[in-house]
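Have a look at the structure below, then the notes.
Nothing in this text is a laboratory measurement; each read-out follows from the coordinates by a stated rule. These numbers were taken from a predicted model, which means no experiment stands behind them. So basically every Cβ, Gly included, is an ideal-geometry build from the backbone, and we count neighbours across all protein chains shown.
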Amino acid sequence: MRLDRFLFHHSDHGRREIRRILASGRVRVEGEIEKDTQREIGDFTKVMLDGELLRDDTACYVMLNKPAGYLSATTDPEHPTVMELIDVPETLHIAGRLDRASTGLLILTNDGKWSRRLTEPKENVPKVYLVETAEPITEETHDHFAAGIYFAYEDLTTAPADLEILSAHQARLTIYEGRYHQVKRMFHAVGNKVTSLHRERMGEIKLDPALKPGDYRMLTPEEVATCP
Ligand code: URA
């Protein structure tokens with residue numbers, strides 16, 4: 001958002017008054033006097049008018065080890081939600097949901113641009129899952145997933161995915177999108193059924209082995225910076 005619009009939305013002043021205020025040097029952006037009405041203001045840019053902070057949004061990035069049974073939702077009348085596990089003052093959203101029965105790495109943030117970059121299919125960020133299945137996992141499954149699976153509902157073919165078969169019923173799957181129930185639907189398409197699904201990694205961000213199910217911690221600045 002441009003600085004003049006930002007000031008219009010965050011103060012009681014009219015547009016003409018805002019131009020005057022800016023010209024007289026009463027506005028500081030990130031501590032420096034700013035007179036340019038067109039200056040781009042990001043989600044977490046600090047803007048002050050007459051020494052008063054107009055907004056103090058602090059970017060917040062949380063890594064949760066999601067336990068089974070919790071919904072990736074803000075509220076639900078029936079089931080507990082992951083939000084009940086996290087106690088931070090910021091209003092967070094989930095960057096890439098996990099199904100209720102799925103476990104592992106769940107990232108929550110209040111930074112919408114960052115979470116879109118992590119989750120949008122066009123960004124090609126790898127998501128790595130440990131999968132257990134009802135039926136044995138075949139070499140053909142590996143080839144089918146590498147070729148892409150057709151999803152009739154969306155009329156699309158999934159991007160090539162890497163399947164590392166670990167044992168008859170266990171594999172590590174890397175997908176580069178995050179479509180609705182994607183992993184379950186991919187296995188369903190080859191006549192198998194997912195019995196357990198655990199997310200280990202999103203991009204360069206790995207689930208911290210020190211986190212027990214239900215535990216969370218803030219991402220480190222280095223982890224935040226790995227997002228494309
Ligand atoms: N794919 C699924 O089917 N379920 C998840 O929870 C995550 C990816």
FRET efficiency (K206, E164; Cβ distance; R0 22 Å; to 0.05) is 0.85
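Any idea what % of Cα-Cα pairs in the range 3-53 are farther than 11 Å? Could you put the intermediate results ahead of the total?
On the way: 827 of 1275 pairs.
Roughly 65 percent, once rounded to a whole number.
If each DSSP helix of 4+ residues adds -39,500 (n - 2.57) and the sum is divided by the residues in the chain, what number results at 222 nm, nearest 500 deg cm²/dmol? It would help to have the intermediate numbers written out before the result.
Details: 6 runs with 47 residues, N = 228.
Estimated from H runs of four or more residues: -5500 deg cm²/dmol.
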Packing-wise, with mean Cβ within 10 Å as the measure, how do 143-150, 171-178, 202-209 rank, highest first?
-> 171-178, 202-209, 143-150
Amide H neighbours of I149 under 5 Å, at least 5 residues apart or on other chains, H built in the peptide plane: list them.
-> T158
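Take the Cα radius of gyration of the range 1-85 and divide it by 2.2 N^0.38 Å, with N its residue count; two decimals is plenty.
Computed over Cα atoms of the range 1-85, the ratio equals 1.62.
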Three-way shape call for the range 156-228 based on the alpha-carbon gyration tensor, with the a/c threshold at 1.5 = prolate
Can you list residues whose amide H is under 5 Å from Y61's amide H, if they're 5+ apart or on another chain and H is modeled 1.01 Å from N?
-> L219
Step through the residues of the range 219-224 one at a time and calculate ³J(HN,Hα) from phi using the Karplus curve (6.51 cos²θ - 1.76 cosθ + 1.60, θ = phi - 60°), rounding each to whole Hz and writing x for Gly and Pro.
-> 5, 7, x, 5, 5, 4
Work out from phi, with θ = phi - 60° and the Karplus expression 6.51 cos²θ - 1.76 cosθ + 1.60, the ³J(HN,Hα) of each residue of the range 84-101, listed in order in whole Hz, and give x for Gly and Pro.
-> 5, 8, 10, 10, 10, x, 6, 8, 9, 10, 9, 9, x, 5, 10, 4, 4, 7
Here the Kirkwood hydrodynamic radius of the chain, Cα-based and in Å, equals 20.1
Report the FRET efficiency, 1/(1 + (r/R0)^6), for E40 and A189, where r is their Cβ-Cβ distance and R0 is 45 Å, rounded to 0.05.
-> 0.55
Expressed in nanometres to one decimal, the distance between label points 7 Å along Cα→Cβ at R179 and E222 is 3.6
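Kirkwood hydrodynamic radius for the range 26-128: how many Å is it when counted over pairs of different Cα atoms?
On the way: mean 1/r = 0.0624 Å⁻¹.
After inverting the mean inverse Cα-Cα distance, the result is 16.0 Å.
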Mean Cβ count within 10 Å, highest first, over the residues of peptides 112-119, 15-22, 194-201 = 194-201, 112-119, 15-22
The long-range amide H neighbours of L98, using H built 1.01 Å from N in the peptide plane and a cut-off of under 5 Å, are S72
